[in-house]
Amino acid sequence: SPVTNDFKVADLSLAAFGRKEITLAEHEMPGLMAIREEYAASQPLAGARITGSLHMTVQTAVLIETLAALGAQVRWASCNIFSTQDHAAAAIAVGPNGTPENPQGIPVFAWKGETLAEYWWCTEQALTWPDVPTGGPNMILDDGGDATLLVHKGVEFEKAGQAPDPSTADSEEYEQILLLLNRTLGENPQKWTQLSSEIRGVTEETTTGVHRLYEMQRDGTLLFPAINVNDAVTKSKFDNKYGCRHSLIDGINRATDVLIGGKVAVVCGYGDVGKGCAESLRGQGARVIVTEIDPINALQAAMDGYQVTVLEDVVETADIFVTTTGNRDIILAEHMQRMKHQAIVGNIGHFDNEIDMAGLAKIPGIVKDEVKPQVHTWTFSDGKVLIVLSEGRLLNLGNATGHPSFVMSNSFSDQTLAQIELFTKPEEYPIGVYVLPKHLDEKVARLHLDALGVKLTTLRPEQASYIGVPVEGPYKPDHYRY
Ligand code: NAI
């Protein structure tokens, strides 16, 4: 059973392995390492208490130790039940100077294969700071918005004086949130209100979490300022695209080892994630078909050489299905009923509602069997088998190890600079949702050029004035799309 102190991980004896992989990753994360060096003396995050809710991987370990190196105290949970790399979590709990017998690291609450109840318990632990008057963090670093959601729901129900009955929840996920908040209302009816009172802001990693923030801003319910890290160019145009280009097929390969060449693969959604996924499948020799609802993205997919059609037309003939939309109910049970024998179904969008897993389980006579963790066959009454990856949750983190270090160095450099912005300049960020200033976006890109041997051309002053930009940048207006 998982080890507990002021942390909970699967197995502390994995720490040495985790530390070796963290050391290798540091070399591949030049942005984060340069930021450590630049801010070593000034310690801009001294006094910051950061609660992180983000996939507890090797790359995230380098982020966590960067935040700590800049002066922050940190508590961490994963933002998905399957995405933790247990050796990375162990190394963080043990710390570079500790041992499994004498852990001296950072409080982390994460292991691969949490239940939903455990998942929300971990999120609560990361948000609950012992020996702090408010009991909480003063910064949140979020991926998908679950830590932010828990704080907001907690405050909302404390204002109302009660939380809804868990049995009225429309999903197992929400039922767990309600169970937790009913408990905390009983224990301390001001827990979340007190806890949130010192939060200066949240920096949000992904498209789906950013949607939630803009919704709260629109509804006037947002409690603290937020930086939308996802829409930094060096995040969404790199991590979402090139990261998924790497980790999508990594996940499919590790899960199934099926030959992708010659197969027909359907990619639902042609945003940043969909573009990377489609390219990687095509790179393996698959014939890729795209579905889209947005005419601009559909036209892009067509011009990139993909067939664009509706799912209904290809559901019986395709071999591999990947959802990348961040939207709900993309592949329904009725679609899965029509798929061919041993078709592979997986999702790489943030939440598990893109594929109707509940509907699949309700098909009369269907039998689910585990091939190995995060790979299941579903056998229909006529003998047809579907292979479903990571139970419909993001397969690149469930079946593989997520994006590789170099691309995450960009995203996490954006995260670190966003944390510094919000923590050190609260007066510049009244409650609202902001993107990272462009000069910081360009800075992050710059930090990754040397490692790739890129030689950048320097703008001459006459050229700079001709196109109307400073020699040192920023080079593009905010509306430029890259
Ligand atoms: P995006 O907004 O750029 O792309 C989503 C696309 O899906 C849009 O073009 C939209 O028009 C399309 N779409 C929406 N409903 C659709 C439907 N019913 N059928 C077909 N297409 C539909 O978003 P982005 O950045 O590509 O992110 C997508 C999801 O992936 C989000 O949930 C995001 O949080 C997640 N994500 C996951 C990562 C991972 O490592 N697994 C990495 C980055 C993002």
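Only the coordinates and a few stated rules stand behind these numbers; no lab work does. No experiment lies behind these values; they were computed from the predicted model shown. Every residue, glycine among them, receives a Cβ derived from its backbone with ideal geometry; neighbour counts consider all protein chains shown.
Data overview
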{"quantity": "The stretch 400-482 - Rg and Dmax from Cα coordinates, angstrom", "calculated": "15.5, 50"}
{"quantity": "Computed magnitude of the charge dipole of the chain (debye, nearest 20; Cβ of K, R +1, Cβ of D, E -1)", "calculated": "820"}
{"quantity": "Sparsely packed trypsin sites (Lys or Arg not before Pro) within the stretch 306-411, loop by DSSP, other Cβ within 10 Å at most 14", "calculated": "R328, K340, K362"}
{"quantity": "Label-point gap, in nm, between R446 and T221 - each point 7 angstrom along Cα→Cβ", "calculated": "4.1"}
{"quantity": "Gained length - A361 relative to K20, 0.36 nm times residue gap less alpha-carbon distance", "calculated": "118.7 nm"}
{"quantity": "Cut-off 13 Å between beta-carbons: net charge of the residues surrounding H87, Lys and Arg +1, Asp and Glu -1", "calculated": "0"}
{"quantity": "Projected label distance in nm at E187 and D294, using a 7 Å step from Cα toward the beta-carbon", "calculated": "4.1"}
{"quantity": "Kirkwood Rh in Å, taken over all unlike Cα pairs in the chain", "calculated": "23.3"}
{"quantity": "Within-11-Å neighbourhood charge of G105 [Cβ basis; K, R +1; D, E -1]", "calculated": "-1"}
{"quantity": "Helical segments meeting 20 Å axial Cα length and Kyte-Doolittle -0.5 threshold in the chain (DSSP H)", "calculated": "146-160, 172-187, 405-424"}
{"quantity": "Mean separation of Cα contacts under 8 Å (6+ apart) over length of the chain, as relative contact order %", "calculated": "15"}
{"quantity": "For peptides 281-294, 462-475, sequence by mean Cβ density within 10 Å, most packed first", "calculated": "281-294, 462-475"}
{"quantity": "Whole-angstrom gap from the stretch 238-268 to the stretch 73-136, using each part's C-alpha centre", "calculated": "30"}
{"quantity": "Rg over Rh, two decimals, the stretch 27-94 (C-alpha only, Kirkwood Rh)", "calculated": "0.98"}
{"quantity": "Cα-Cα over 26 Å, subset of K159/K235; K362/K384; K112/K191", "calculated": "K159/K235; K112/K191"}
{"quantity": "Charge-dipole axis of the stretch 402-482 as Lys and Arg at +1 and Asp and Glu at -1 on Cβ define it, positive-most pick from L436, F412, L447", "calculated": "L447"}
{"quantity": "Inter-probe distance in nm under a simple model that places probes 7 Å from Cα toward Cβ, at E462 and T309", "calculated": "5.7"}
